[in-house]
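The values are calculated or read from the model by the stated rules, or taken from the named source; none is laboratory data. What you are looking at is a predicted structure, and each value in this text was computed from that prediction instead of being measured. Positions of Cβ are generated from backbone atoms using ideal geometry, with glycine treated the same way; all protein chains shown enter the neighbour counts.
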Amino acid sequence: MKRAGLSTDKVLRAALDLVDREGVAALSMRRLGRELGVEAMTLYYYVPNKDAVLDGLIERTLTDVDLRPEGPWRAWAQQFATSFRSALLAHPGLLPLVATRPVTTSGGLDTAEHAAQALVEEGFSASEALHVITTLATFVIGQVLAEARRTPGHDEPEPEPDLDPTRHPVLTQALTAGLGTPEDHQDRFAFALDALLVGLQPRGRATDKAGLGKQT
């Protein structure tokens, strides 16, 4: 019998709260049941297994991402990357999961399909469209991993670099200028994203522009 007051959404919210505090490694059906005050078996009325919980957490993250493939593709791709970064920074405990687990839910696949179709209309092949999406996602995940530095469940202190200004003058200057601050992370993200988006284009156009592949 289902327990009054529980729902799939409430189970996933409890799972997210646990991951936010202690990381993905701490998540188990038994632990999740304790968080909700029920036996683990009760959860199976709402989610079929732990894999469904993990997939649900990824889909919840994607629902917080602004992906509206309308207008110039680089503009909405930039907004997607920026929004994805914000969603991951809000839940750094999900980073190991998002970095390693593919999107498999119907909602997540529908979102990817919608974006891929828009890219195909811009001249990308189907495989190139998927490359664009995965390249942007991988870039954002890597940037946020570097920005977060530590994730819940992996909070060991990190050593600071011991720089010699005479041997490492440029690195010392960068650190003195605020390397690693929130403003620096934002500037680095914007700098790299701009460069990435400029370089992403259908291979046929890139070849033509470079003068390659032409018959002589």
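For GLY71, are the conditions met, namely being at positive phi and assigned by TED's automatic domain parsing to the domain that holds LEU136? In short, yes. Among the residues examined, ALA112 does not qualify as in contact (Cβ under 8 Å) with a residue 24 or more places away in the chain, of a type in the set (Gly, Ala, Ser), within 22 Å of VAL53 (Cα to Cα) and out of contact with any Lys or Arg (no Cβ under 9 Å at 6 or more places or on another chain). Taking into account only those residues within segment 4-24 that are surrounded by 14 or more Cβ atoms within 10 Å (Cβ to Cβ) and of a type in the set (Gly, Ala, Ser), which is farthest from LEU97 (Cα to Cα)? Residue satisfying both the conditions and the ranking: ALA14. For segment 121-129, the criterion of being buried (at least 18 other Cβ atoms within 10 Å of the Cβ) and free of Cβ contacts under 8 Å to residues at least 24 places away in the same chain is met by at least one residue.
For the criterion of being within 22 Å of GLY199 (Cβ to Cβ) and either in contact (Cβ under 8 Å) with a residue 40 or more places away in the chain or in a helix (DSSP H, G or I) (or both), ALA137 passes.
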